[in-house]
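Read-outs: derived from the displayed coordinates by stated rules, not from any lab. Just so it is clear, the model here is predicted, and its values are computed rather than measured. Note: ideal-geometry Cβ built from the backbone for every residue, glycine included; neighbour counts use all protein chains shown.
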Amino acid sequence: MGDQFEIHPNPHPVARAEREALLANPGFGRVFTDHMVTIKYAEGKGWYDARVEARGPLPLDPATAVLHYAQEIFEGLKAYQLADGGVSLFRADANAARFVDSAQRMAMAPLPPELFLGAIRELVTIDRDWIPGTEEASLYLRPFQIASEVFLGVRPAKEYIFCVIASPVGAYFTGGVKPVSLWVSSEYTRAAPGGTGAAKCGGNYAASLAPMVEAAEKGCDQVVFLDAVERKYVDELGGMNVFLVLDDGTLVTPPLTGTILPGITRDSLMTLARADGRAIEERPISMDEWREGALSGRVVESFACGTAAVVTPIGTIRSEAGDFTIADGGTGPVTDSLRKRILDIQWGRAADPYGWTSRLL
Ligand SMILES: *Cc1c(COP(=O)(O)O)cnc(C)c1O
């Protein structure tokens, strides 16, 4: 099929006053726009029936494959309302490419990137009044794909639905950036070599919920997962990648060996730091190195990164072996400056020498 979307505007959009009230304090992931985009796939037919329509339930037969074997992938990106009234995206082409990689790992039909980007463009255009205009608030876009074939056999499905929904989200940190506390899970791991850790699939998140509950019981905000083989090296937070800042200014982050998600924020921050002349090491980080480094002063800052929260300082780390705090437990200057640098590019407040932002409107 070509890049053709049939457009059926929602006959009952949310009234303006109600929308504005919702946009005043949207939180994260609980307010949704008037529309969605869907595209179907069938083996032998390819992708077809691309539609923009009123957001609503997807009718699914109880034997739909995704409900049983979790053939599902997703992405997360934001549309930004610029000061001049325009709307832009940040590295959406990288999300489209990663969506193809995730599909391949889950043996799903890959969606051509031009359809992924076309769907986003259509949804942002029709729902542009839902993009918050307030500082650091944005329209979070959630493309996802499910196995929609009605079949209980265990094999890759022959039918899929791709869908994009949009959710206005407030600033992640209200009242200033606050460092998070992490719980080191010694019982659970997130991804093993050869597994699905590098794919953005819902199943990885399902497996991370029990350790998240454990972290909350320990009084922590997030879980940090260790490698599944030696239970010694830092993988990631299960939704954010991790960086350490050393006392000589070097950034250290775990390598992409298949057990962590290749974050676009991670990649962007490495590019920005490299341009500053900062040394970057992609190598395994042991929990011992992190703890001893924090105690000796070799590790001066640590942060997590991802699209939703952008850059989040890590304050205290708690485990069965005891707690430790990075520096004074606050937000370090490198973390703060990288956070500002990437936000300024995303919001069109700074030059974009890498061509990361694209204007939609
Ligand atoms: C999405 C995600 C990230 C962050 O990736 P970004 O592209 O920076 O948003 C990190 N870890 C996991 C497991 C993720 O799903």
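Determine the shape class of region 258-361: with a ≥ b ≥ c the square roots of the Cα gyration tensor eigenvalues, call it rounded for a/c under 1.5, and otherwise prolate if a/b is greater than b/c, oblate otherwise. Judged from the Cα gyration tensor, region 258-361 comes out prolate (a/c at least 1.5, a/b above b/c).
Debye-formula intensities of region 292-334, expressed as log10 I(q)/I(0) at q = 0.15, 0.21, 0.27 Å⁻¹, are -0.38, -0.69, -0.96 (one equal scatterer per alpha-carbon, no solvent).
Can you give the net charge of the other residues whose Cβ lies under 13 Å from the Cβ of Leu67, counting K and R as +1 and D and E as -1? Overall, the nearby charge balance is -3. In plain terms, the bigger the Kirkwood radius, the slower the diffusion; for region 92-244, with that radius from Cα pairs, at 20 °C and 1.002 mPa s, Stokes-Einstein puts D at 119 µm²/s. Computed log10 I(q)/I(0) for the chain at 0.14 Å⁻¹: -1.25, from the Debye equation with unit scatterers placed on every C-alpha and solvent omitted.
Give me the percent of DSSP beta bridges within region 180-346 that run antiparallel, rounded to the nearest 5. Roughly 65 percent of the beta bridges in region 180-346 run antiparallel, per DSSP. Alpha-carbon geometry of region 85-160: the Rg and the Dmax are 15.5, 51 Å, given in that order. Please report, to two decimal places, log10 I(q)/I(0) for region 1-69 at q = 0.13, 0.21 Å⁻¹ as given by the Debye formula with identical point scatterers on the Cα atoms and no solvent. Calculated log10 I(q)/I(0) at the listed q: -0.58, -1.02. When both bridge partners sit in the chain, DSSP labels roughly 85% of those beta bridges antiparallel.
Just so you know, the Cα atoms of region 240-317 work out to an Rg and Dmax of 12.0, 32 Å. The orientation-averaged projected area of the convex hull spanned by the Cα atoms of region 6-169 comes to 10.0 nm².
Helices in the chain, meaning DSSP H runs of at least 4 residues, each add -39500 (n - 2.57). Divided by all residues, the mean residue ellipticity at 222 nm is -8000 deg cm²/dmol. Distance from the C-alpha centroid of region 300-350 to that of region 178-250: 15 Å, rounded to the whole angstrom. Near Asn10: Cβ cut-off under 10 Å, other residues only, Lys/Arg at +1 and Asp/Glu at -1. The net charge is -2. Reported value for region 171-259: 132 Å³ per residue, from the convex hull of its C-alpha atoms. Averaging 1/r over each pair of different alpha-carbon atoms in region 180-346 and inverting the result gives 15.8 Å, the Kirkwood hydrodynamic radius. Taking 0.36 nm per residue of separation and subtracting the current Cα-Cα distance, fully stretching the chain between Phe173 and Glu20 would add 53.0 nm.
In region 202-254, inverting the average of 1/r over every pair of distinct C-alpha atoms gives 12.4 Å as the Kirkwood radius. Excluding same-chain residues fewer than 8 positions from Lys78, which lysines have a Cα within less than 18 Å of its Cα? Here the lysines satisfying the reach criterion relative to Lys78 are Lys200, Lys340.
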